[in-house]
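Novice: The structure under discussion is supplied below as structure tokens; questions concerning it will follow.
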Amino acid sequence: MPEDSARLLAELAELREQANALTLRLSAHHDHRLRYTGEDRNGLSSVTVDGHGRTTDVVVMREWRRETDPAGLGRALLAAAGDAQARRLEGMATGGVPATTALLDRAPVATSLDASGPDLIRELLPLLERVERQLDDAGQRLARHFTDAVHLRSSGGACAITARGGQVSEIEFDAHWIASAGAGEVAHHVCQLFQDAHDRALTGIGDLLPPELGDVMSFAADPARMLRQLGLDT
């Protein structure tokens, strides 16, 4: 096999492995009809998430003030949310939640690989090098995207949260508002903020991937056809 051909196949294999690992982590598509409910250990609140981890419902015990203060309620809500996510992950681990690398399927097509033989090899080699560099950069930007803190506040400033990668780590309530807010009102604001944090974490992720990646992965998905087009089939 010519040196360029061997190099091309090796780079395709490495790129596919990197892309599959990245997209599996980022773009697993889960059944949104599934529900997982978690509670805090004192029964002050519960949080329900769907198969993708997005909050669908929050419940706050009507008489929560008899048991704790606003800071304690915030901790209880975080515990309930964490319990719900743990139950969801347990469902994934036991095979209850199917996953696909949907992000690759949504990658925009930026180039046409219609050539064949040596012409295609010469076209692919610089393309693969460019995609690999872009993929490394995308990985770094995605890491920052999921570790940087995001601060969100509900309408009217009733409550605020801090989240990383869609997972809420802090909840604060406006002291004047929480003093008289009903349990249902608190639950509504918290649920909306949890949803906003999840949605914001996923916004624009597909745009961080190299635009040529979908084309390259589609080309490499059928090894027999790829080898024929490259002129390497025997």
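Novice: Taking the options V97, V47, name whichever one is open to solvent by less than 10 Å² (accessible area, probe 1.4 Å) and either closer than 22 Å to A201 by Cβ or at pLDDT below 90 (or both).
Specialist: Of the residues listed, the single one that is open to solvent by less than 10 Å² (accessible area, probe 1.4 Å) and either closer than 22 Å to A201 by Cβ or at pLDDT below 90 (or both) is V47.
Novice: To continue, here is another question. Using the structure shown, decide if L24 is surrounded by 14 or more Cβ atoms within 10 Å (Cβ to Cβ), in contact with a strand residue (DSSP E or B) (Cβ under 6 Å, 6 or more places away or on another chain) and modelled with pLDDT under 95.
Specialist: Answer is yes for this residue.
Novice: Looking only at residues that are touching a helix residue (DSSP H, G or I) at 6+ places or on another chain (Cβ under 7 Å) and β-branched (V, I, T) in the range 46-64, which one is nearest to H198 (Cα to Cα)?
Specialist: Restricting to residues being touching a helix residue (DSSP H, G or I) at 6+ places or on another chain (Cβ under 7 Å) and β-branched (V, I, T), the top hit is T55.
Novice: Within the range 177-188, can you find the residues that are open to solvent by 30 Å² or more (accessible area, probe 1.4 Å), in a helix (DSSP H, G or I) and under 10 Å from V60 (Cβ atoms)?
Specialist: Those that are open to solvent by 30 Å² or more (accessible area, probe 1.4 Å), in a helix (DSSP H, G or I) and under 10 Å from V60 (Cβ atoms): G184, E185, H188.
Novice: Another question, if that's okay. Could you go through the range 27-43 and let me know if any residue there is at pLDDT below 90, crowded, with 16+ Cβ neighbours inside 10 Å and not aliphatic (A, V, I, L, M).
Specialist: yes
Novice: Got at least one residue in the range 197-209 being closer than 15 Å to G74 by Cβ, at pLDDT 85 or above, open to solvent by less than 10 Å² (accessible area, probe 1.4 Å) and out of contact with any Lys or Arg (no Cβ under 8 Å at 6 or more places or on another chain)?
Specialist: Yes, the range 197-209 contains a residue that is closer than 15 Å to G74 by Cβ, at pLDDT 85 or above, open to solvent by less than 10 Å² (accessible area, probe 1.4 Å) and out of contact with any Lys or Arg (no Cβ under 8 Å at 6 or more places or on another chain).
Novice: Just give me the residues in the range 156-176 being open to solvent by 40 Å² or more (accessible area, probe 1.4 Å), in contact (Cβ under 8 Å) with a residue 12 or more places away in the chain and under 27 Å from R66 (Cα atoms), in sequence order.
Specialist: Passing the criteria: G156, S169, E170, E172, D174, A175.
Novice: Report yes if some residue within the range 112-119 is open to solvent by less than 40 Å² (accessible area, probe 1.4 Å), at pLDDT below 65 and within 20 Å of the chain's Cα centre (by Cα); otherwise report no.
Specialist: no
The values are calculated or read from the model by the stated rules, or taken from the named source; none is laboratory data. Predicted model only: the values in this text are computed from it and were never measured. Don't worry about glycine lacking a Cβ; one is built from the backbone with ideal geometry, like all the others, and counts go over all protein chains shown. SASA here: full protein model, heavy atoms, side chains in, ligands and nucleic acids out. Shrake-Rupley method; radii C 1.70, N 1.55, O 1.52, S 1.80 Å.
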